[in-house]
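The structure under discussion appears below in the form of C-alpha cells.
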Amino acid sequence: MSVVGFDFGTQNSRVAVVRGGGVDVVCNEVSDRVTPYAGDAARTLQVGNFRNTVINLPRLIGRLSDEPAVAVEQGFETCQLAEKEGVVGAAVSYREEDAVFSNTELVGMFLSKLKAITYAETKLPVSDVVISVPSYFTEKERRSLIDAAEVAGLNCLRTVNDTTAAAVCYGMMKTDIPADKPKNVIILDIGFSSLKMCVASFLKGSAEIKGHAFDMSLGGRDFDEVLANHFAEHFLETKKVDIRNNKKALLRLRVACEKIKKILSGIQKTKLDLEALIDGEDFTLVAERAQFEELSMSLVDRVEKTILELLQKANISVEDIDSVEIIGGCTRIPSIKARIAQIFGKEASTTLNADEAVSRGCALLCAIDSPLVRVREYKIADTVYFPIKLVGDQNLGEVEIFPAGSNTCETHTFTLTLDHSISFPLNFEAHYSDLTSLPAGTPSQIAKFTVTAPKDLEINESSTMVFDAHVNSSGLVDITKPRVEVTTAVPTDEEGKEEAKTHVTSLSIKVETFRLPRATVQKMKDAEIAMSLHDRLIAEIDDRRNAVEEFIYEARNKLEECYSEVSSEQERESAGSALMTAEDWLYGEGAEVGKEEYVKKLDELKSIFKPFISRIVERAKAASVDSEASTPYSVEAPQMDMD
Ligand SMILES: Nc1ncnc2c1ncn2[C@@H]1O[C@H](COP(=O)(O)OP(=O)(O)OP(=O)(O)O)[C@@H](O)[C@H]1O
Ligand SMILES: [Mg+2]
C-alpha cells in the first residue's frame, strides 16, 4: 500500500510518497512534479476549451451555489458555475452532451487522477492518504473533501492545514532543532488564491502550532488581476474596447499577466505581445517591476496586516520569531520578500522547498497515521481557529467547548447535571461561536448530536451526564463516550465509614454532520469508476489506432529501403497496395471503430510483412555465421515491432 500525501492546491497539486526511508515527490504522466488544473499547460488548453474547463476546485468545495464566495469565484472561472443537488457545480459538455457535475464529483475526478499518478509511480494500491487544506477551511469544506476522496476510492486519514503540513516537513527533516529551547518559526504560504501562515514552536521530536492567520482572498491570481486591470484600462483608453467583457480575451490577458508577474520576479522590465487579442487587434504589454510594485502595494500591505494579526493571535513578538520560512509560488515576488525582511529585520528563509513542503508534510503525516510503515515518533499539535460552542436543547443552554487557540486532539471532558426536567433523547448542536470570524456564507452549525439512553435508566439528583469532546487531527469536532454517572456513598468494611462509588451507564450517540449520505457518495463513486473506465477505454482505442498508423508509415518506408533484397517486385507491390487500402480504411470507415478492430487490422498487416522479416533474420543469421571467422562485425535485421 502506498503511503501518500496530496497537496491539493488551487492551481497546482503535488503528490508525495514515503518509501525506502525517504519522501519523494512523484512525477505525473508528462514527467512533471506538479499537476495543475490551472497551471501553464492546462491554462493554454483552457484558452481553447474555456467553456468546459473548471478551475479553482478547492475554492468551491463544500459551497452552496448561492454563497457570496461562489459569485466571486464565477469571476475567475470561464465555465458556467451551476447548482447540482443544492451545492455548487459546473455546467460543461461531457461526451458531447450537456452535463452538470457537482463540486464533490469534480474534486473526486481530480483526486482520482492524483491516485492514478501515485499508482503509476509506486505500483502499489493507493488508499490511505493525507490531504492538505487551507487553514480557513471550516468543517463543511473539510467534510466535503473527505467525501470527494471517497468518491475517488481514497480513505482520507486526515485533512491537514497546508502550513501545519509544511511545519511537519520542517520539524521532521531538520536535524538542528534543539531539545530544550523551543524554536519559533513562522511558516508563510502564498499560493494561487490565498495567503496562509502559522507560528510553529519546534522542539526535537515535536511541533506545536501556536496560531494561524490567513487572507483567503490574497494569492497570485490577485497580483495577476492587478496587472490585467491595468492593461485592460489602457486598452479601453486607447482602443475603446473593454477586454474584460470578452471571456476568451480576458483569459488570454490573465495568462499573459501571470507570465509577466513571474518574469518580473527575476528581471526589472519585460514585454509581451498578444496577437489578435480582441477584434483582430494586437496588444503589446510592457511592464516594469517598479510599476508592478506600485500597482500591487495594497496587496503587500495585506500580507503585513496578516502577519501582525498572526503575532497577536499567537501571542508572540517579532523578537521571539527565530525565522520566517516562506513557501508557495507567490512568495517569489521580491516586494513580498522585502516586506517580510522589513517587518522581522531579517531575510525570509527558504529552507523548505517552496513548492513541495506541503505535499512532503502530508506524506509524512500519512506515514505517522499508517500502520504500514515505521517512522520516527513525531508529535504535532494544531490549534482551533474558529471557536466552537455546544448548544443543548431542553434549556441546557450553551458552553464554549473550544475557544480560539485551543489545542486540537486534546480531549476535554464535560459534565452536565441532570434532573427530572430532563429527558432523553437529548439534542446538542455544535456551532461556530464567533460568526464575524467566519468566511461569508458559512453556516454557524457544524454538527448535531442526539444522545439516547437505555429505557430503564433511572435519573436522580446525583445523576450527571458526562461526555468527551475533541477537535480531531482533521480539524473536525467530535463528541464521544456519552455516559450517565451516578455517584453514591457506599458503606465500607470500616465501621461508620463510607466511600464514593460511581455507577456508569453508557449512552448511545447519533452524529449528523455535513457528510453526504452514504448512498449518494456510492452513486458518485460508481459514476467516477464508469467515467475512468470509459477514459481508459478511449485511451486504449487511441493507442491501438496509433499503432496501426505507425505500422503503415514505418512499413512503407522500409518497403524500398530494407525489404527490396528479400522480396520480389510483385510481393512489394501487393504489400504496398495493402498498406494503401489500410490507410484509406484508417482515415475513412475505420476512423472510429472499436479497439478489437484496430488490433485485427494490425495483425493482418503484420502477417503480410512477416515473411520479409523472417527472410531478413535468416540472412542476418547466415551472414553472421559466415563472417564470425573473418570479421568482428555482426549484421542486424531491421527492427520492427512484430509481436
Ligand atoms: N517566480 C514567480 N514569481 C511570482 N509568482 C510566482 C512565481 N512562480 C509561481 N508564482 C505564482 O505562484 C502561484 C502558484 O503557487 P502555488 O503552486 O503555491 O499555488 P497553489 O498551492 O496551487 O495555491 P493555493 O495554495 O492558494 O491553493 C501562482 O499564482 C503563480 O503565478
Ligand atoms: Mg498551496
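The values are calculated or read from the model by the stated rules, or taken from the named source; none is laboratory data. Remember, predicted model here, so these are calculated numbers, not experimental data. A quick note on method: Cβ atoms are made from the backbone with ideal geometry, for glycine too, and the neighbour counts reach across all protein chains shown. Note: areas computed on protein heavy atoms with side chains; ligands, DNA, RNA excluded. Shrake-Rupley method; radii C 1.70, N 1.55, O 1.52, S 1.80 Å.
Listed values for region 604-616 are Karplus-derived 3J(HN,Hα) couplings in whole Hz (6.51 cos²θ - 1.76 cosθ + 1.60, θ = phi - 60°), namely 4, 5, 4, 5, 5, 8, 4, x, 4, 5, 4, 5, 5, and x replaces Gly and Pro. Here region 197-310 exposes an accessible surface that is 49 percent carbon and sulfur, computed with a 1.4 Å probe and the other protein chains kept in place. Annotation: ASP543 carries an accessible surface of approximately 80 Å², with a 1.4 Å probe and no ligand, DNA or RNA atoms counted.
Can you give the extra length, in nm with one decimal, that the chain gains between GLN445 and TYR587 once fully stretched, where that is 0.36 nm per residue apart less the Cα-Cα distance? Each step should come with its number before you reach the end.
Values: separation 142, 0.36 × 142 = 51.12 nm, distance 5.95 nm.
Fully extending the segment from GLN445 to TYR587 adds 45.2 nm.
Could you go through region 334-346 in sequence order and give the Karplus-derived ³J(HN,Hα) for each residue, using 6.51 cos²θ - 1.76 cosθ + 1.60 with θ = phi - 60°, rounded to whole Hz, and x for Gly and Pro? Rounded to whole hertz, the list is x, 5, 6, 4, 5, 5, 4, 4, 5, 5, 9, x, 7. Spin-label model, LYS610/ASN155: points 7 Å from Cα along the beta carbon direction are separated by 4.9 nm. Residues CYS27, CYS198, ordered by accessible area of protein heavy atoms at a 1.4 angstrom probe radius and largest first, appear as CYS27, CYS198. Surface analysis of region 177-349 yields an accessible area of 44 Å² per residue, using protein heavy atoms and a 1.4 Å probe. Taking other residues whose beta carbon is less than 10 angstrom from the beta carbon of LYS239, and scoring Lys, Arg as +1 and Asp, Glu as -1, yields -3. Sorting ARG376, ARG339 by accessible area puts them as ARG376, ARG339; the probe is 1.4 Å, largest comes first, and only protein heavy atoms count.
Extending 7 Å from Cα along the Cβ direction at THR284 and again at CYS409 yields two label points whose distance is 5.8 nm.
Where nothing but the Cβ of Lys and Arg (+1) and of Asp and Glu (-1) is charged, how large is the charge dipole of region 293-379 around its Cα centre, in debye to the nearest 20?
Dipole about the Cα centre, nearest 20: 260 debye.
Starting from the residue with the highest accessible area, list LYS305, LYS558 in decreasing order, probe 1.4 Å. Kindly include the intermediate steps, with their values, before the conclusion.
Numbers: LYS305 125, LYS558 30 Å².
Of LYS305, LYS558, the descending order of accessible area is LYS305, LYS558.
Note on ALA500/GLU294: beta-carbon distance plugged into 1/(1 + (r/R0)^6) with R0 of 51 Å gives a FRET efficiency of 0.10. Here's the picture: a label point sits 7 Å out from the Cα of THR417 along the beta-carbon direction, and within region 389-406 the residues with their amide nitrogen under 17 Å of it are 395-399. Accessible area per residue was computed with a 1.4 Å probe on protein heavy atoms; GLU597 scores about 90 Å².
Placing +1 on each Lys and Arg Cβ and -1 on each Asp and Glu Cβ, with no other charges, gives region 520-628 a dipole about its Cα centre of roughly 380 debye.
What you get for region 177-349, charging only the Cβ of Lys and Arg (+1) and of Asp and Glu (-1), is a dipole of about 340 debye around the Cα centre.
Dividing the mean sequence gap of close Cα pairs (under 8 Å, 6+ apart) by how many residues region 298-407 holds gives a relative contact order of 18 percent.
For region 499-634, the solvent-accessible area with a 1.4 angstrom probe is 65 square angstrom per residue. Find which of LEU390, PRO443, VAL504 sits farthest along the positive direction of the dipole of region 388-515, computed with +1 on the beta-carbon of Lys and Arg, -1 on that of Asp and Glu, about the Cα centre. So the residue furthest toward the plus end is PRO443.
For the chain, the relative contact order works out to 12 percent when only alpha carbon pairs closer than 8 Å and six or more residues apart are counted. State the percentage of accessible surface on region 388-515 attributable to carbon and sulfur atoms; use a 1.4 Å probe and exclude ligands, DNA and RNA. Ligands and nucleic acids excluded, carbon and sulfur give 48 percent.
When Rg and the Kirkwood Rh are both derived from Cα coordinates, the Rg/Rh ratio for region 356-515 amounts to 1.08. Using θ = phi - 60° in the Karplus curve 6.51 cos²θ - 1.76 cosθ + 1.60, the 3J(HN,Hα) couplings for region 267-277 round to 10, 8, 8, 8, 9, 9, 9, 10, 6, 6, 5 Hz; x is entered for Gly and Pro. Approximating the spin labels as points 7 Å out from Cα along Cα→Cβ, the SER577-to-THR350 distance works out to 6.7 nm.
Quick check on my link table: of LYS123/LYS606; LYS174/LYS337; LYS196/LYS481; LYS174/LYS210; LYS181/LYS346; LYS204/LYS346, which ones sit more than 29 Å apart, alpha carbon to alpha carbon? Check vs 29 Å cut-off fails for LYS123/LYS606; LYS196/LYS481.
Using a ≥ b ≥ c from the Cα gyration tensor of the chain (square roots of the eigenvalues), is it rounded, prolate or oblate, where a/c under 1.5 gives rounded and otherwise the larger of a/b and b/c decides, a/b for prolate?
Since a/c reaches 1.5 and a/b is larger than b/c, the shape of the chain is classed as prolate.
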